[in-house]
Amino acid sequence: MSLITRRGALLAVAGSAASVAVLRGDELPSFRRGDAEVSSTGFCFVTDTHYLADKEKPETMDPRSAGICRRLVDTLNGLQGAAIPKNAGAGKVVEIAGVIHGGDLVDSADKRGGVYSRMYATEFASFEADYGLTGSEGILKYPVYEVYGNHDGPQGDTLVVEGIKRRNKHRKGLTNLSSNGLHYSWDWGNVHFVNLGIVVGQSGEELQRRRYAPMGSLQFLSLIHI
């Protein structure tokens, strides 16, 4: 019997097919902007790409990981207007407003010491090269809105989390941005989206340290107007 290693499992799932979602404003009254007409909003959702560098050569991507992640981006680029199989509802994929990445962009930023900091620097650079930001900087043809996951920095103190803050300064269409520059919200059509990171909760020196740092996500949510 052959056993699947953790690395093999990550590589196998990293390129899982993207989901295409269509939200109707009249079906989501809690998140619908009151001043917008009812319409449909199409977008793609991906998650857990786990960009993985070569541990023996941390400045280089693992070739299997790089290949799988790039094929996912190529798949996303080819979805708009593509025929949908009958058993999935038929029709064609509507106009895509953008891509939401649900976190775990990279694999190694939850690890400390050794070569890991060099690995996740390589991994995040590869993510940015593939996904870009607004649909014109990378391979992806659409704007991307990413959430940080536990592999991106469970305590919010890594290059990856700082990279998301940097990207937020140039991310188009934001309607709200948290005081720490990490959490944000935006509108697609008449649907309002809120990025609250890895976990929703309060942050503060007087509070107990948690496995996953909320980075003030609850404070941000309480201040914005949906």
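Annotations
- Search result, residues across the range 164-194 that are small (Gly, Ala, Ser), farther than 23 Å from SER126 by Cα and assigned to a loop (DSSP other than H, G, I, E, B): GLY173, SER178, SER179, GLY189
- Residue within the range 105-120 that is within 16 Å of the chain's Cα centre (by Cα) and surrounded by fewer than 17 Cβ atoms within 10 Å (Cβ to Cβ) present: no
- From the list VAL144, VAL200, VAL191, VAL161, the lone residue that is modelled with pLDDT under 95, within 17 Å of the chain's Cα centre (by Cα) and of a type outside the set (Asp, Glu) is VAL200.
- Test: residue in the range 125-139 that is among the polar types (S, T, N, Q) and part of a strand (DSSP E or B): no
- The set of residues in the range 96-123 that are at pLDDT 95 or above, outside any helix (DSSP H, G or I) and of a type in the set (D, E, K, R) comprises ASP104, ASP107, ASP110, LYS111.
- Lone unmet requirement of (1) assigned to a loop (DSSP other than H, G, I, E, B); (2) at pLDDT 95 or above for ALA17: (2)
- Residue check for LEU105: out of contact with any Ser or Thr (no Cβ under 9 Å at 6 or more places or on another chain) and in contact (Cβ under 8 Å) with a residue 24 or more places away in the chain: no
- Qualifying position, being modelled with pLDDT of 95 or more, in contact with a strand residue (DSSP E or B) (Cβ under 9 Å, 6 or more places away or on another chain), surrounded by fewer than 19 Cβ atoms within 10 Å (Cβ to Cβ) and at positive phi, among GLY135, GLY91: GLY135
The values are calculated or read from the model by the stated rules, or taken from the named source; none is laboratory data. Because the structure is predicted, anything quoted here is derived from the model rather than measured. Here Cβ is always computed from backbone atoms with ideal geometry, including for glycine, and neighbour counts include all displayed protein chains.
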